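Heads up, the thing below is written out as structure tokens.
The values are calculated or read from the model by the stated rules, or taken from the named source; none is laboratory data. All values reported here derive from a predicted model rather than from experimental measurement. Please note: Cβ atoms are built from the backbone with ideal geometry, for glycine as well, and neighbour counts cover all protein chains shown.
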Amino acid sequence: MSERADIAILGGGCAGLSLAVQLAAGDLRGRRVVVLERRTSYERDRTWCGWALAPHSFSSCVDHAWSRWSVRHRGVDVLHASGSYRYEHLRADRFYAHARERLERSSAVDLRTGVEVLAMRQAGAAFALSTDSGSIEATTVIDTRPPPREDAPPGALLQHFLGQEITTADEVFEPGTATLMDFDVSQEDGIHFMYVLPFSRTRALIESTVLSTRPLERAAYEARIGEYVTARLGTRMTSVDYVEQGVIPMHGVARNDQQGSTNRSQNHFAAESRGRVIRLGTPGGAVKPSSGYAFHTIQRTAAALADTLLGRAEPDIARPRSRTDGWLDDVFLSFLRRHPERGPKIFQRLFRSIEPDVLVRFLMERATVSDRIRVIGSMPKLPFAREALRVATSR
């Protein structure tokens, strides 16, 4: 006998927990929600960053923020400051703890860890989920699990990195300024930059980040961070207090169209399920392809989806970005794939040519028409016109 649920959320990561928290805070009118998460425990396994354009459910979990940021290339620093938007740093362990505490207070939302969904099939007007701990029948399914990396299109760019939260022997960091990209490092493995988030004059998160088609060995990132601390900062590490490593796809993944189907075949159960499965988070296209930012878009789309499920808004699925922004990302990434040696200069040009708040809104998927015109106008005209034509004719 299958267990019954009204809403099943597959995956209890950032997107799944964000939606669950939104639903738990609303009036579910007697409906039951289950969140099925494969992991058995939650630990500090990543960091989310980005500019907050509006308050969100996890604003209290932000442990550091910067109102100034810089990009460096060939010894030139482009420094920006904003009185409107702050660049937030949010640790995963604080996010998980806050979400679980909120869900524990709800009698309608049940988070289950150590549960893996093995298969799904249409069962009349519902979906039958087979898990390693039993069967569940749900009316609505929200799939937040990221697609396998092998689903990436051939030659697609990846943003891969390793970060270390370190303490240094000397006071070398400027706590008020986040270094988003320092390109004055080796470019032999792809478009490479150092990402530095300082928490004090002697403590910072430093990430060696590369844009290329293939991740590096762990030791390669560690060596580059060590070289950066010694040669660029002129000091030495006294401790490494935390390490994180990840790969972010810089390409579109399955997204919901107006009927709730997908426009790509990267859903785990696309061949089995003929009905509506709503995708949220990475499989819903929340990761901005040209930058890798996702957290704040997930908060916005999770809130919009919760409003729909709770009956507070017209039935609809919030698109992570406009078609225009998606097209601009496609052109930009196509150019980087074909001309990686020009990547550092192009990124610096973006930050140098565009007002801080305009660029922030574009990077956070909230650009106005005027913002998009300014972004397009900042790019080299002829090379990007050619790339736009190439992208258009390849579709």
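Please determine whether any residue of segment 148-157 is more than 23 Å from G75 (Cα to Cα), crowded, with 20+ Cβ neighbours inside 10 Å and either basic (K, R) or modelled with pLDDT under 95 (or both).
Keep residues of segment 148-157 that are more than 23 Å from G75 (Cα to Cα), which gives 148-157.
Restricting the remaining residues to those that are crowded, with 20+ Cβ neighbours inside 10 Å gives 157.
Pick out the ones that are also either basic (K, R) or modelled with pLDDT under 95 (or both) and you get 157.
Within segment 148-157, one or more residues are more than 23 Å from G75 (Cα to Cα), crowded, with 20+ Cβ neighbours inside 10 Å and either basic (K, R) or modelled with pLDDT under 95 (or both).
Does F193 satisfy the condition of being within 23 Å of L333 (Cβ to Cβ) and surrounded by fewer than 21 Cβ atoms within 10 Å (Cβ to Cβ)?
Judged against the criteria, F193 is not a match.
For the list (1) in a loop (DSSP other than H, G, I, E, B); (2) closer than 19 Å to V277 by Cα, I need the number of the one condition that S18 fails.
(1)
If you take the residues in segment 101-134 that are touching a helix residue (DSSP H, G or I) at 6+ places or on another chain (Cβ under 8 Å) and either hydrophobic (A, V, I, L, M, F, W, C) or not assigned by TED's automatic domain parsing to the domain that holds D27 (or both), which one is surrounded by the fewest Cβ atoms within 10 Å (Cβ to Cβ)?
Of everything passing the filter in segment 101-134, A108 is surrounded by the fewest Cβ atoms within 10 Å (Cβ to Cβ).
For segment 362-381, enumerate the residues that are within 14 Å of T324 (Cα to Cα), of a type in the set (D, E, K, R) and part of a helix (DSSP H, G or I).
Within segment 362-381, D371, R372, R374 meet the criteria.
What residue, among those in segment 52-79 that are touching a Lys or Arg at 6+ places or on another chain (Cβ under 7 Å) and under 21 Å from P356 (Cβ atoms), is surrounded by the most Cβ atoms within 10 Å (Cβ to Cβ)?
Once the filter is applied, the top-ranked residue is W66.
Residues checked against (1) over 24 Å from the mean Cα position of the chain (by Cα); (2) assigned to a loop (DSSP other than H, G, I, E, B); (3) not basic (K, R):
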position: R112; (1), (2), (3): no, no, no
position: A119; (1), (2), (3): yes, no, yes
position: S135; (1), (2), (3): yes, no, yes
position: T140; (1), (2), (3): yes, no, yes
position: G155; (1), (2), (3): no, yes, yes
position: Q159; (1), (2), (3): no, no, yes
position: Q164; (1), (2), (3): no, no, yes
position: E171; (1), (2), (3): yes, yes, yes
position: A204; (1), (2), (3): no, no, yes
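I'm trying to understand the selection: among the residues of segment 163-195, which are within 15 Å of V240 (Cβ to Cβ) and either outside the structural domain of T238 (by TED's automatic domain parsing) or among the β-branched types (V, I, T) (or both)?
If the condition is that a residue be within 15 Å of V240 (Cβ to Cβ) and either outside the structural domain of T238 (by TED's automatic domain parsing) or among the β-branched types (V, I, T) (or both), then I166, T167, T168 are the ones that fit.
Filter segment 82-108 for residues that are closer than 16 Å to L19 by Cα and touching a Cys at 6+ places or on another chain (Cβ under 7 Å) and give the result.
Listed by number, the residues that qualify are F95, H98.
Within segment 345-357, identify whether any single residue is free of Cβ contacts under 8 Å to residues at least 40 places away in the same chain and surrounded by fewer than 17 Cβ atoms within 10 Å (Cβ to Cβ), and answer yes or no.
Within segment 345-357, one or more residues are free of Cβ contacts under 8 Å to residues at least 40 places away in the same chain and surrounded by fewer than 17 Cβ atoms within 10 Å (Cβ to Cβ).
Could you check, for segment 312-325, whether at least one of its residues is in a helix (DSSP H, G or I) and either of a type in the set (A, V, I, L, M, F, W, C) or over 23 Å from the mean Cα position of the chain (by Cα) (or both)?
Within segment 312-325 (the criterion being in a helix (DSSP H, G or I) and either of a type in the set (A, V, I, L, M, F, W, C) or over 23 Å from the mean Cα position of the chain (by Cα) (or both)), the answer is no, since none of the residues qualifies.
Here is a check on your reading of the model: is R319 farther than 21 Å from M181 by Cβ, modelled with pLDDT under 95 and not polar (S, T, N, Q)?
yes
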